[in-house]
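All remarks here apply to the structure that follows.
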Amino acid sequence: MAGYYFLVVAVLVLAGFFVGRLRAQGLVMGARGGALHSLPAYHGLLTAAAALVPMLLVFAVAMPVVNHLAISNALDYFDPQVAADPLQRGAALREVQNVAAGQYGGGEQSTVLKTAAASYASTLHWGHWVVFATGVGLALVGILFILSRISAQFRSRNYFERFVLVVLVACAAVAILTTIGIVFSVLFETYRFFFDTSLKGRPTVSEFLFGTEWNPQAAMRADQGDIRTAFGFIPLLTGTLLITSIAICVAGPLGLFSAIYLSEYASRRVRAWVKPVLEILAGIPTVVLGFFAALTVAPLIRGWGEYFGLDVASESALAAGLVMGMMIIPFISSLSDDVINAVPQSLRDGAYALGATKSETIRKVVLPAALPGIVSAFMLAISRAIGETMIVVMAAGLAANLTFNPLDAVTTITVQIKTILVGDQEFDSAKTLAAFALGFVLFFVTLMLNLIALHIVNKYREQYD
Amino acid sequence: MTDIAALTGDGPIRHRQGDAAAARVRRRYRAEARFKAYGIAALVVTTVFLVVLLADILVKGMPAFTQHSVTLSVPVPAEGFGDRSVSAIRGADYFPITRDALKAAIPGIESRSGERTLTRLLSTGAPDVLRDRLVANPSLIGTTVQVPLLLSDDADLYFKGVGTRIDSRAARGTATPSGTTGEITIESTAGDFGADLATVRKAIAQQVLRLTAEADRAQSSGATDAVARVAALREEIATLRTRLDDPKSQEELDSKAPSLLVAINDGLVKITKLSDTAVSGDVLLPLSSADPAGAGAWRVVTYLTPESNRKVTDQDVAFLERFKDLGAVHRDFNWLFFSSGDSREPELAGIRGALVGTALTLLVTLALCVPIGVLAAVYLEEFASKNNLTALIEVNINNLAAVPSIVFGLLGLAVFLNFFALPRSAPLVGGLVLALLVLPTIIIAARAALKAVPPSIKEAALGVGASHQQAVFHHVLPLAMPGIMTGTIIGMAHALGETAPLLMIGMIAFIVDVPAGLTDAATVLPVQIYLWSDLPEVAFQAKTAATIIVLLLFLFVMNGMAIWLRKKFERRW
């Protein structure tokens, strides 16, 4: 259906363009050349837009309505109980859709199912025809309306440019819409997590923020009432911070010294060789690094630990942290490189004139001058490490241990979000909503880090420009 | 001058100052060299890490690009194919046909367990080749066909070197086997097994020493159960001692030691009991006769990796080695890896489904984020007035670029799946989420490209009477296009490697079929990597690494294209 609809859209839009242009060219032929206000192509474009906009609007508005109607019509044939229970409702709906599509493989079909499927199919059928007819009709009306208005004085270009401007603003607004979407989706579910009274096992805000036990997996059925669900956020926070700090300990010195060497010491040739190395490292997908961490680095660390008689967990925080550190080296290095390069040469020259060596100049003049930028680079790196998912999902553990020992297994916020949300989930259990609450914390923390970092960068940039 | 010299004793002061200054300068130069060395060390560590990472994946992944199969002449019976229509041929039972072909290749295997072991060496998908051939050419029914049959993952790994090293030495005496199948004894006239017996005995002697030490420790520890423990240990030591002292004793071999076998009369016997001149054991490959074999006509074979440390049993190894000696085993490029979907059997699993899923997902992403990203950039760079709304949009874009990708997954789950009820696991939703994810990247790159076009171009257009939009769309945008395309490719490469948000919207299901449309359940390359990396089979590890190689190749090609575009169209104004 959608395919045919958009085929018709394309046909009508093209037709509108050519008809509009022909019409305008006809005007030129009839009268004297050059008397048109706008070029013929603009008349064509405006006519095409008049066909496009109503068709897209009709599709976007009417299709969901038709689907909704078809579903509610079909569910009318079932027990009211079925419609009330989300699980049964989904199952019934899938059966109806399968029967309607002729793919039912489950043997005998009940009469209820048959009539429901028939109703579903016919509603969809008629609904689609109505959408189709309305869309085409409105498009034709739009085309005819513009055609009737086209004249030598008609300001097609101005109208069309106004339309284009609206499109441009809409595209730019997608960024805002995305942010709003993120904020609302996590905020809404987080609110339900804390304050929805119908939710079993929900924690209070302080239990969540200061609890030291995290155990969302416990079943919430009555017969398993003994198992305590706990939504204490602290072990996740310490786990995340532990892995992040290992990563920063690795990436901080390595990234910073790489940046210093590349921007202050390296010859053009060395840079030409080393820069791609960092770029390749930056381009390696995190799932690949996760594979490396889980299957190569973790066993290696475990082996060394055994050699020294240390008890190392097979999913130690150290392995995940080390590889994550490797991931953010290029990040820190390229951001620091930028800020170090932005330090004016005159500062360096001044230091050299006083007899300072190169390293003294760097340590005592360049780095202090670049410090705000470097701090913000580190903050962005921390924010990236906190939000990184695949490395920790593959190399870190699931058990929420409250520990600061890098050889133990810890879990992180992102690991828990992924663990809870992968697979089927209902949106009315505290467990699922807990993932959104974690997502909210994650979004909030990284947002703050980014905002502060960007603020520092902007402030710093003003000093030297 | 003299006063100063008198004050400070003999020797000129300036000389001493020079000494201190020189030392200071030396120290400063050393600090300089150290500082520089830190920088070099940081770069070296990073490079080494990258090289180790790539080498590790290459070494792990390359074996998965080839696959072993055993080519057999398979007699296809005339019956069992119904009316010989395509559907009847497709539905026929091929398992007995391949099983009989296997049995014919190694004659003399009568026992049920031997037969089972033999058929287990083939992949469950092995008969598919035969089926496809018969479907393509039904006239082959009733004839004998040469067919390459796919080996199972363990057998395949054995030939790739994850099995055992095999040693073999010619024997000196004349050996007489007591039978051709089942459990037999072999007597040798010379002490052919003396060396092996000595090895076993040495191990026993070492164990005696170890146990004695343990008994001494237990005695001196003074624990409550020490007496009983010491008694038990002493008894064990005594048994071992008697075994050691009896020169005629037979030693039993277990699966923790290297396997010892005898290759005699075209057969193979696995030794279970060993003495100086005689062995007894199970026949793995039937002997052609029970005739005595002279010196040099029979060999003692050792599988060096103990049986308990490998996935293939001695029986498996015997069969596989026999196939190899028959010249039936081939190593070919693993086309199946690129032509089949996911599977629970490692040797049948392929990445076609993931490749198609990736293509569909990226298509949606490209179709959405290029127009939206470029138009948004055009608006912000060329048309937006400097007001609060514009500032808000800019802050938004910069922040979205740094939001963790998993949060976009939450957005997709809550908005696209839950609110708009779009299908789970579909490339459509995956593409939507990735589009939102890479949109900031593309907007930022496109803005930079637009900014790099000198204002004189636009001003010239405006000067000859173009409208603002005409100037931008006819002149500025085409000139910025190479930069925008470079940014787009880099954004797409980013989307190609992204995993976490796709897990959130359910693109993680086990999907065998290759997706055919935007709303079919699908998976993508990075998710496939994640899925396979979790599986316990060793063969899947190689598949995972091979998939990573494919993914990295795509990324390198894309990034190479971006660099090429930048080089080719780079313009200094």
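General observations
- Backbone geometry of the stretch A:354-362 corresponds, through the Karplus equation with coefficients 6.51, -1.76 and 1.60 at θ = phi - 60°, to 3J(HN,Hα) couplings of 7, x, 6, 6, 4, 5, 5, 4, 5 Hz, x marking Gly and Pro.
- Tensor-based shape of the stretch A:131-202 (alpha-carbon gyration tensor, a/c under 1.5 rounded, otherwise prolate or oblate): oblate
- Helix runs (DSSP H) in chain A reaching 24 Å along axis by Cα, Kyte-Doolittle at least 0.5: A:2-30, A:40-75, A:111-149, A:156-195, A:234-260, A:317-342, A:367-387, A:430-464
- A simple charge model with +1 on the Cβ of Lys and Arg, -1 on the Cβ of Asp and Glu and nothing else charged puts the dipole of the protein assembly as shown at about 4360 debye relative to its Cα centre.
- Here the alpha carbons of chain B define both size measures, Rg and Dmax, at 37.0, 127 Å.
- Rounded FRET efficiency, nearest 0.05, which uses the C-beta distance separating A:N458 from A:A91 and R0 of 45 Å: 0.25
- Overall, the anisotropy analysis places the stretch B:123-177 in the oblate class: the square-rooted eigenvalues a ≥ b ≥ c of its C-alpha gyration tensor yield a/c not less than 1.5, with a/b not exceeding b/c.
- Cut-off 14 Å, label 7 Å out along Cα→Cβ of B:E110, residues of the stretch B:164-193 by amide N: B:179-184
- Distance violations [Cα-Cα > 22 Å] among A:K358/B:K567; B:K160/B:K543; B:K202/B:K256: A:K358/B:K567
- ³J(HN,Hα), Karplus 6.51/-1.76/1.60, whole Hz, each residue of the stretch B:406-422, x for Gly, Pro: 5, 5, 5, x, 4, 4, x, 5, 6, 8, 6, 7, 7, 8, 8, 6, 6
- Under 5 Å between amide hydrogens, built in the peptide plane, is the criterion, and for B:S259 it picks out B:Y303, B:E307 among residues at least 5 positions away or on other chains.
- Think of chain B as a dipole: +1 on every Lys or Arg Cβ, -1 on every Asp or Glu Cβ, centred on the Cα centre; then among B:L432, B:G487, B:P177, B:G487 lies furthest on the positive end.
- In chain A, helical runs assigned H by DSSP with n ≥ 4 each contribute -39500 (n - 2.57); averaged across all residues and rounded to the nearest 500, the mean residue ellipticity at 222 nm is -25000 deg cm²/dmol.
- When the convex hull of its Cα atoms is projected in every direction, mean area for the stretch B:244-337 (nm²): 8.3 nm²
- Applying the Karplus relation 6.51 cos²θ - 1.76 cosθ + 1.60 with θ = phi - 60° to the stretch B:437-451 yields 3J(HN,Hα) values of 5, 9, 3, x, 4, 5, 4, 5, 5, 5, 5, 4, 5, 5, 5 Hz, where x marks Gly and Pro.
- For residues of B:546-552, the mean tally of beta carbons on other chains within 10 Å: 3
- For B:M561 and A:A10, the FRET efficiency from 1/(1 + (r/R0)^6), where r spans their Cβ atoms and R0 equals 30 Å, is about 0.55.
- Full extension of the chain between B:L392 and B:S289 gives 28.0 nm of extra length, using 0.36 nm per residue less the Cα-Cα distance.
- Mean separation of Cα contacts under 8 Å, 6 or more apart, over the residue count of the stretch B:64-159: relative contact order %: 48 percent
- Shape of the protein assembly as shown, Cα gyration tensor, a/c cut at 1.5: oblate
- Cβ-placed point charges (K, R +1; D, E -1), dipole of the stretch B:417-573 about Cα centre in debye, nearest 20: 800 debye
- Between A:L407 and B:D225, the simple label model (points 7 Å from Cα in the Cβ direction) yields a spacing of 2.8 nm.
- When chains A and B come together, the accessible area they lose, probed at 1.4 Å and totalled over both chains, is close to 6600 Å².
- Ordering A:F18, A:Q88, B:L417 by Cα displacement along the dipole of the protein assembly as shown toward the positive end leaves A:F18 in first place; charges were set at the Cβ atoms of Lys, Arg (+1) and Asp, Glu (-1).
- Amide hydrogen neighbours beyond the local backbone of B:L284, cut-off 5 Å, H modeled: B:L268, B:V269, B:K270
- Alpha carbon centroid spacing (whole Å) that separates the stretch B:179-247 from the stretch B:441-471: 89 Å
- Using alpha-carbon coordinates, inclination of helix B:477-497 to the longest axis of chain B, degrees: 30 degrees
- Reference-scaled alpha-carbon Rg (2.2 N^0.38 Å with N residues) for chain A: 1.38
- Amide H contacts under 5 Å for B:V329: B:T71, restricted to partners 5 or more places along the chain or on a different chain, H placed in the peptide plane at 1.01 Å from N.
- Listed residues A:V297, A:M324, A:P276: farthest to the positive end of the dipole of the stretch A:232-366 (Cβ charges): A:P276
The values are calculated or read from the model by the stated rules, or taken from the named source; none is laboratory data. Keep in mind the model is a prediction, meaning the values are calculated, not measured. All Cβ positions, even for glycine, are placed from backbone atoms using ideal geometry, and neighbour counts span all protein chains on display. These area figures cover heavy atoms from the full protein model, side chains too; ligands, DNA and RNA do not enter into them. Shrake-Rupley method; radii C 1.70, N 1.55, O 1.52, S 1.80 Å.
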